[in-house]
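The values are calculated or read from the model by the stated rules, or taken from the named source; none is laboratory data. Fair warning: this is a prediction, and the values are worked out from it, not measured in the lab. Cβ placement follows ideal geometry from the backbone for every residue including glycine, while neighbour counts extend to all protein chains displayed. The area values use the complete protein model at the heavy-atom level, side chains included, leaving out ligands, DNA and RNA. Shrake-Rupley method; radii C 1.70, N 1.55, O 1.52, S 1.80 Å.
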Amino acid sequence: MPKLPCQTARETFDNPRKNNEAKTACADCPIRHDCLRTALANNETFGVRGGLDPNERWQLTHKDGTWLDTGGTIRQPCGTEKALKQHRALKEKCPVCLAADQRRHLDVEHALPGGGSASGAHYHRLLGEEPCDPCRAAFVASVKAHHPSRRGEQVAA
């Protein structure tokens with residue numbers, strides 16, 4: 001029996017930068033499906049096995065949105081508070097998680113009596129939205145309360 005692609009170029013299958021090359025080599029392998037079954041059964045978290053990278057294999061067996069990064073670390077689904085904490089711990093900036101966090105803060109502001117706040121107007125703007133009427137009204141009231149010239153009072157020169 002001729003040598004399998006993974007036997008002749010092992011470094012290709014274990015190098016995350018060469019995943020596409022390894023997947024191409026796997027495509028015609030006669031034992032690809034058996035290899036994938038073995039990798040799934042053994043929870044292989046490194047390299048291309050059976051034509052799939054670690055994240056693709058993880059997603060086959062975990063439907064909760066978690067994923068594996070290139071280092072084999074289980075990551076939480078982006079957009080959740082747990083994922084944001086992971087990103088922060090790793091000093092990463094994830095636009096999906098940041099926007100979800102801003103949306104959560106905005107929801108808290110909308111739950112306040114009156115349905116909005118000056119902080120809510122700020123979160124609307126961070127999210128690229130026009131502030132809703134309650135948030136806009138709270139913002140205008142805040143500006144008037146904190147700036148004498150906007151209340152119609154004389155400002156000392």
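With helices as the sole contributors, the chain gives -15000 deg cm²/dmol at 222 nm; each DSSP H run of n ≥ 4 counts as -39500 (n - 2.57), and the sum is divided by every residue. Here the label points at ALA27 and ARG136, each 7 Å from Cα along the C-beta direction, are separated by 5.4 nm in the simple model. The Rg/Rh ratio of the range 17-80, with both radii computed over alpha carbons and Rh defined as the Kirkwood radius, is 1.00. Panel note: the C-alpha atoms of the range 1-139, placed on their principal axes, show extents of 77, 25, 24 Å (largest first).
Absence of a disulfide-compatible partner, taken as no other cysteine beta carbon within less than 4.7 angstrom, is noted in the chain for CYS6, CYS26, CYS29, CYS35, CYS78, CYS132, CYS135.
Relative contact order of the range 33-85: what whole-number percent is it, with Cα pairs under 8 angstrom and at least 6 residues apart? Let's see the in-between values first.
Numbers: 54 pairs, mean separation 11.7, N = 53.
Taking the mean separation of contacting Cα pairs over the length of the range 33-85, I get 22 percent.
Per-residue Karplus couplings for the range 59-66, computed as 6.51 cos²θ - 1.76 cosθ + 1.60 with θ equal to phi - 60°, are listed in order as 5, 5, 10, 10, 9, 8, x, 5 Hz, Gly and Pro entered as x.
Net charge of the neighbourhood of GLY79, taken over other residues with C-beta under 15 Å away and scored Lys/Arg +1, Asp/Glu -1, is +2.
Here the 3J(HN,Hα) profile of the range 82-93, calculated from phi with Karplus coefficients 6.51, -1.76 and 1.60 at θ = phi - 60°, is 5, 5, 4, 4, 4, 4, 5, 4, 9, 6, 9, 10 Hz, Gly and Pro shown as x.
Normalised by the number of residues in the chain, the average gap of Cα pairs under 8 Å and 6 or more apart makes the relative contact order 10 percent.
Excluding LEU90 itself, calculate the net charge of residues whose Cβ lies under 14 Å from the Cβ of LEU90, where each Lys or Arg counts +1 and each Asp or Glu counts -1.
Working: positive: ARG75, LYS82, LYS85, ARG88, LYS91, LYS93; negative: ASP69, GLU92.
Summing Lys/Arg as +1 and Asp/Glu as -1 gives +4.
The candidates PHE13, PHE139, arranged from most to least accessible area with a 1.4 Å probe in the full protein assembly, appear as PHE139, PHE13. Once the Cα atoms are used to define both axes, helix 95-110 deviates from the longest principal axis of the chain by about 40 degrees.
Near the amide H of ARG75, under 5 Å away, which other amide H atoms are found, from residues 5 or more places off or on another chain, if H is placed in the peptide plane? Here TRP67, LEU68, ASP69 satisfy the definition. Along the chain, the exposed loop sites are trypsin sites (Lys or Arg not before Pro) outside DSSP states H, G, I, E and B with at most 16 other Cβ atoms within 10 Å, and the longest stretch free of them is 4-62.
Check the range 44-154 and count each lysine pair with an alpha-carbon distance under 17 angstrom, considering only pairs eight or more places apart or from different chains. Don't jump to the answer; show the numbers that get you there.
Numbers: LYS63/LYS82; LYS82/LYS91; LYS82/LYS93; LYS85/LYS93.
Pairs that pass both the separation and distance tests number 4.
Amide H to amide H distances under 5 Å link SER117 with CYS135, where only residues 5 or more positions off or on other chains count and H is placed in the peptide plane.
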